[in-house]
Amino acid sequence: MDLQYWGYPLISTILVSLVSLTGIIFLNLSGQKLEKLVFILVSLAVGVILGNTFLHIIPESYEYFEHSDIPSLLICFGIVLFFIAEKALHWHHHHVGERIVKPLGKINLLADGIHNFTDGILIAAAWMTDSYLGISTTIAVLVHEVPQEIADFGILLHAGYSRKRALMWNFVSALSAIVGTILMLWVGSWLLHLSYYVLPIAAGGFIYLAGSDLIPELNKQISKYSTLVQIVMVVLGIVIMYLLSTGIENHAH
């Protein structure tokens, strides 16, 4: 195996995928503490998802097209596609053991899986260009994924998954990045161009997830204290993704 061509991209993507296991730090918390933490993580997730989508994914999507109407239409298509997907999940109630899992858990896994798939493609493409670009792209994805994966873990817990299943399915979703890397190394540039179209669809999925599923969940808690915590965590999530996006952009320049 050519380490430069296959080894480094795969090692990079595996490292990125392992970030999805950060939820392991919450496994030993008591039920009461975890319940309070999930409330905070879901609020943070809204900010992280919106920040990542509007400050990173969508601006990146527009860079690949001369005509701005194409990514705009693809984002709209993504919203409609995930609306249809959630309807289908409602028609087929899903149980995990004795737990009833809310559709928002699977919607999150689907949107995140698509996004991770495109990350894998971009990491492979970067390494195929040169080593420096491969390393810098891997670091950029890693940094973005840490808050994203912690937020994803909280969403899966809130959706009804047990701690271990939330950790497992979050990791399975992350493995789609490895699939993207392998396919990119195997078939080449046409898949990279395909990812340009997939990325805004994932953005539409994240917008749907935050607006249709997560924010309504937050609105179920109406006390002043809960509202204040939610606002602080949502804003914090956006600020974190803004700082990460601008910091990485400045580093790239």
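Of all residues in the range 65-88, exactly one satisfies the criterion of being more than 15 Å from GLY205 (Cα to Cα), in contact with a helix residue (DSSP H, G or I) (Cβ under 7 Å, 6 or more places away or on another chain) and at pLDDT 90 or above, namely PHE65. Find the residue count for the range 150-174, including only residues that are in contact with a strand residue (DSSP E or B) (Cβ under 9 Å, 6 or more places away or on another chain) and under 18 Å from GLU86 (Cα atoms). Qualifying residue count, the range 150-174: 2. Of the helices (runs of 4 or more DSSP H) lying entirely inside the range 102-219, those containing at least 1 residues that are of a type in the set (A, V, I, L, M), surrounded by 17 or more Cβ atoms within 10 Å (Cβ to Cβ) and touching a Gly at 6+ places or on another chain (Cβ under 8 Å) are 103-129, 131-159, 163-174, 176-187, 189-208. TRP91 meets the conditions (1) closer than 22 Å to TYR196 by Cα; (2) without any contact (Cβ under 8 Å) to a residue 12 or more places away in the chain in every case but one. The failed one is (1).
The values are calculated or read from the model by the stated rules, or taken from the named source; none is laboratory data. This is a predicted model, so every value here is computed, not measured. Cβ: placed from backbone, ideal geometry, glycine included. Neighbour counts: every protein chain shown.
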